[in-house]
Amino acid sequence: MIDELNWKILKHLQKNARLSSAEIGRQVGMSSPAVSERIKKMEDAGVITGYNTVVSPFEAGYQLKAIITLRAFMGKLKPFLEKVKTYDEVINCYRITGNENIVMEVALRNQKHLEAFIDQLIIYGETKTQIVLSHVVKNNDIKKA
């Protein structure tokens, strides 16, 4: 499904999803309709799962970004997996292996907001919180396997 031309298209889309099919076509040596058709096929196959706008939490008024892990109490993991979808603070949430069950990336207004958010989590399990200082690698491209 993902041949060399599709990888070239994906490379450009991952850098800038707003590029037109014509611009991508110029970059990869294809016509705009051919690029559009390949993109559509990759969307239909689930290779491309969406397009989104990346918003800076800090520029949007949030002062803290944190990574919070949760080790769920017995019988609390499934209820938490449903509840976490309702938290506005959660940017990303992953179910993981190891001592903890969950790792979340969250954006918070301030320290009081962090405290209140943790208070909501502790009924589901034990938490550990790390404050993010900066990004070292951010939204790195998926490359050819």
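Quick notes on this one:
- Residues in region 115-138 reached by a label modelled at Q63 [backbone nitrogen below 18 Å; 7 Å Cα→Cβ]: 115-119, 130-134
- Region 1-59 - accessible surface per residue (Å², probe 1.4 Å): 68
- DSSP H segments from the chain that extend 24 Å or more along their own axis, Cα-based, with Kyte-Doolittle mean of 0.5 or above: none
- Vicinal HN-Hα couplings computed from phi for region 46-60 (Karplus, 6.51 cos²θ - 1.76 cosθ + 1.60; Hz; Gly/Pro x): x, 5, 9, 9, x, 10, 9, 9, 8, 10, 6, x, 5, 6, 8
- Net charge, Y124 excluded, C-beta distance under 15 Å - Lys, Arg +1, Asp, Glu -1: +2
- Lys pairs under 22 Å by Cα in region 1-140, provided they are eight or more residues apart or on distinct chains: 22
- Here the chain has 51 percent of its accessible surface on carbon and sulfur atoms, given a 1.4 Å probe and all protein chains in place.
- Taking θ as phi - 60° and the Karplus parameters 6.51, -1.76 and 1.60, the scalar couplings of region 88-95 work out to 5, 5, 7, 8, 9, 9, 10, 8 Hz in sequence order, x denoting glycine and proline.
- Residues whose amide H comes within less than 5 Å of that of V132, counting only those at least five positions distant or on another chain, are K65, A66, I67 (H built at 1.01 Å from N in the peptide plane).
- Among [x] 0.98; [y] 4.22; [z] 1.35, the entry derived from the coordinates for Cα Rg over 2.2 N^0.38 Å: [z]
- Sequence-separation-based contact order of the chain, relative, with Cα cut under 8 Å and 6+ spacing, percent: 25
- In order along region 70-77, the phi-based Karplus estimate (6.51 cos²θ - 1.76 cosθ + 1.60, θ = phi - 60°) of 3J(HN,Hα) comes to 10, 9, 5, 5, 3, x, 9, 5 Hz; Gly and Pro are listed as x.
- A cut-off under 12 angstrom between Cβ atoms defines the neighbours of L108, and their net charge, with Lys, Arg +1 and Asp, Glu -1, is -1.
The values are calculated or read from the model by the stated rules, or taken from the named source; none is laboratory data. For clarity, every value in this text was computed on a predicted model and none was experimentally measured. When we count neighbours, we look across all protein chains shown, and the Cβ atoms used for this are built from the backbone with ideal geometry, even at glycine. With ligands, DNA and RNA removed, areas are computed over all heavy atoms of the protein, side chains included. Shrake-Rupley method; radii C 1.70, N 1.55, O 1.52, S 1.80 Å.
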